[in-house]
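The structure appears right after this line, and notes come after that.
The values are calculated or read from the model by the stated rules, or taken from the named source; none is laboratory data. Every value quoted in this text rests on a predicted model; they were computed, and no experiment measured them. As a convention, Cβ positions derive from the backbone with ideal geometry for all residues, glycine included, and neighbour counts pool all protein chains shown.
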Amino acid sequence: MNNKIKLAVAGAVLSAASVANAGIVIPAGDWTLDVNGNVNIFATMTNADDDGNAGSSVVGGIASTKDTAGEDTKFSMGTGLLPAWLGFTGTTRQNDLDVSFTISIQPNTSSNDATGDATNGNTGNDGAMLTRQAFITFGDASWGTVKMGKDLGIFASDAILNDITLLGVGGAATGGITTLGGIGSGYLYPAFRGQMAYTTPNMNGLQVTLGITNPDQGQDADALAHYDDRFGLEGKAVYTAGNAKVWAGFSSYEVADTDGDYDATAQEIGASFNAGNLGLVAYYYSGEGNGDGNGLNRLGGRANERDQDGGYVQATYVIPTGTKLGIAVATSQQDLANGEVAGATAAHDSNDRWTVGAYHPLTKHLNLVAEYNDIESNDHQGDSAESQHINLGAILFF
């Protein structure tokens, strides 16, 4: 499977199966075309246990709550955190340069729309097809690689790619194109961003990536937040030694909105280690001004310079049947900004999650998944909500 399709690669790594090294490889003159991706679908039962009235919610929280009729149970079906994926990557060697292009599309496998038809005027998360990748790369092993186009962001990318919910559902009900996974409860969303980035060659296990990104992501419905003071800056350094990997990254944006100008910054550090059948991951981030919800730089007029931090720890183990068992504990926390008053803001206090999952390789490409998530959200008013999510499904990589 081509390593430019990052999410599919991550899912393949997380699975217990021995996954092929490429998708469907087609020689085409000077080019080699790799057609790859995944199809996944999950049946989900969600139970909400909020302490407010029917239809209430914790501001900024990600735990599911009762609906307006007071119902606390919901059944749904669709893709998990990883959307269904069809990617095309072409590679060639020209003028002493390794050159490639990647284009991908992400359809849904179900919909909460009444007709189940993504073309029925439904432009929201329930029906719209995603287009998350369109980029080129060029470079050489001697001096590094340049990437230009739309792809997964640099900051927090390793956090999401090492998360066990990437093969499952995590937070939020299915039925849309994607769910939250661990976004907002353990890490910020890296998003798929227009970018120009440079990655160094492998220097005895160390690689550094630096890039400028599209600064105009994250406007709210009223276009209150603008990132056009300058380009966004993101970067990371990754050191790999044997089965151990350590990474550190940063994100920096300047924001101008109706509340004034301020910086949106974040830092991260993480590590992963694999020994035989055991896998371990530890991750931590901190920042300020990155919005009141679950995403990185998804700001509105009320975002202000709120301090945030969080992270997760995770362990997996492959039992003799080949099934990979996993457990993760995660949290994301956010303070009020100077001058903000609890109850008069949409800032959450914390989103906490624990996940257990089982991932069984039915074949080297097909995995059956069973997952349980418990999510608790709290706000600064003292309100809380908790929900439990049982997810059963399958994911196939090609």
Residues of the stretch 357-396 being assigned to a strand (DSSP E or B), modelled with pLDDT under 95 and more than 26 Å from residue 75 (Cβ to Cβ), in sequence order, are 378, 379
Q. If we scan the stretch 179-199, do we find a residue that is touching a residue at least 60 places away in the same chain (Cβ under 8 Å), buried (at least 24 other Cβ atoms within 10 Å of the Cβ) and more than 30 Å from residue 67 (Cα to Cα)?
A. no
ask   = Does any residue of the stretch 213-220 turn out to be out of contact with any Ser or Thr (no Cβ under 9 Å at 6 or more places or on another chain), of a type in the set (Asp, Glu), surrounded by fewer than 21 Cβ atoms within 10 Å (Cβ to Cβ) and modelled with pLDDT under 85?
value = yes
Of those in the stretch 272-318 that are within 17 Å of the chain's Cα centre (by Cα), at pLDDT 95 or above and of a type in the set (A, V, I, L, M, F, W, C), the residue surrounded by the most Cβ atoms within 10 Å (Cβ to Cβ) is 281
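Per-residue answers, yes or no, for (1) at pLDDT below 90; (2) closer than 25 Å to residue 186 by Cα; (3) touching a Pro at 6+ places or on another chain (Cβ under 8 Å):
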site: 49; (1), (2), (3): yes, yes, no
site: 54; (1), (2), (3): yes, no, no
site: 71; (1), (2), (3): yes, no, no
site: 76; (1), (2), (3): yes, yes, no
site: 95; (1), (2), (3): no, no, no
site: 114; (1), (2), (3): yes, no, no
Checked the stretch 70-114 for anything acidic (Asp, Glu) and out of contact with any Gly (no Cβ under 9 Å at 6 or more places or on another chain); matches are 71, 72, 96
Checked the stretch 147-199 for anything assigned to a loop (DSSP other than H, G, I, E, B) and of a type in the set (A, V, I, L, M); matches are 154, 156, 169, 172, 173, 177, 180, 188, 191
When the stretch 156-190 is checked residue by residue, the ones that are at pLDDT 90 or above and polar (S, T, N, Q) are 157, 162, 165, 185
